[in-house]
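The values are calculated or read from the model by the stated rules, or taken from the named source; none is laboratory data. Keep in mind it's a predicted model, so treat the numbers as computed, not measured. Note that we place each Cβ from the backbone using ideal geometry, even for glycine, and neighbour counts take in every protein chain shown. Just so you know, the surface numbers come from the protein's heavy atoms only, side chains and all, with ligands and any DNA or RNA stripped out. Shrake-Rupley method; radii C 1.70, N 1.55, O 1.52, S 1.80 Å.
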Amino acid sequence: MKKNIHPEYHTISVVMTNGEKFETKSTLGKEGDAINLDIDPTTHPAWTGTGQRLMDRAGQISKFGKKYNNFGIK
C-alpha cells in the first residue's frame, strides 16, 4: 500500500433503532464515534419481508404471468 493516501481505518459503534449496539471497523468519523441508524435490518420491510405489495399497473403483472406462466397468475 502507498503511504499517506488511504483513510484511517478504526473502530466505531453502530446503534440500531432498538438500542442494540455493536462495534465495527470503518473509515467514517474518528475512533470511538457512534453511528445511529434510522433504518436497520430488524425494522425495514426489505429485510423483514412485511409490507410488500405488487402494484399491477395496466395489467402488466398479469400480462407477464400469462405469457410466462409465472407467479400462478391467470
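Considering only residues of region 33-70 that are within 30 Å of THR11 (Cβ to Cβ), at pLDDT 75 or above and outside any loop (DSSP other than H, G, I, E, B), which is most open to solvent (accessible area, probe 1.4 Å)?
Here the residue is ASN36.
Is there any pair with a first residue in region 1-16 that is part of a loop (DSSP other than H, G, I, E, B) and a second that is open to solvent by less than 30 Å² (accessible area, probe 1.4 Å) whose Cβ atoms are under 7 Å apart and which are 6 or more apart or on different chains, and what are they?
Here the result reads MET16/ASP40, each pair linking region 1-16 to a residue that is open to solvent by less than 30 Å² (accessible area, probe 1.4 Å).
Specify the residue that is nearest to HIS44 (Cα to Cα); the eligible residues are those in region 6-31 that are surrounded by 14 or more Cβ atoms within 10 Å (Cβ to Cβ) and hydrophobic (A, V, I, L, M, F, W, C).
MET16
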